[in-house]
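Q: One structure, pasted below without further comment.
Read-outs throughout are calculated quantities, based only on the coordinates presented, and are distinct from any laboratory measurement. Computed from a predicted structure; not experimentally measured. A quick note on method: Cβ atoms are made from the backbone with ideal geometry, for glycine too, and the neighbour counts reach across all protein chains shown.
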Amino acid sequence: MLVFDEQFEHTATIRDHYVFLVNTMNVTVTQLADHLLANKVLTQAEFDDIKAEATPNAQNEKCLAVLSRKSKGEWELFLDALDESDQQHVKDRIIGGKGLKLAFASFFFCYCC
């Protein structure tokens, strides 16, 4: 059973986007977990536990449970790691798509004017 820590604000973000994150995020193939380990967001034991899960979805679930217990600063490093692992679309979705909306607005303005 996965346990989430409710003391951090980003846990609500994880809960709000849980199904999307479990089905879309890629922890191992894109080296997201490697980035999190290198940036000291994950300990070696947490990294090993995540990689030991049998399926990508189970790895994602484990990673999200671990992230729910991390600080706000570590959450920000996770968001950066999404960029570094070519998962900008995941970051855009969970932070409200601000970057995507801005890019679309700029394209639309340039195209129409």
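Q: Straight-line reach only, C-alpha to C-alpha below 16 angstrom: list the aspartates and glutamates that Lys72 could link to, leaving out same-chain residues fewer than 8 apart.
A: Candidates past the 8-residue exclusion: Asp5, Glu6, Glu9, Asp80.
Q: Ordered by residue, what ³J(HN,Hα) values in Hz, to whole numbers, does region 27-44 give under the Karplus form 6.51 cos²θ - 1.76 cosθ + 1.60, where θ = phi - 60° and Gly and Pro are x?
A: Listing the rounded values in order: 6, 9, 4, 8, 6, 4, 4, 4, 5, 5, 5, 4, 8, 6, 7, 10, 7, 4 Hz.
Q: Let me ask something else about it. In nm, what is the difference between 0.36 nm times the number of residues separating Asn57 and Ser71 and their Cα-Cα distance?
A: 2.7 nm
Q: So if each residue of separation counts as 0.36 nm, and I subtract the Cα-Cα distance between Asp86 and Gln31, what length gain in nm does that give?
A: Extra length from Asp86 to Gln31 when fully extended: 18.9 nm.
Q: Summing Lys, Arg as +1 and Asp, Glu as -1, what charge do residues with Cβ under 11 Å from the Cβ of Asp80 carry, Asp80 excluded?
A: -3
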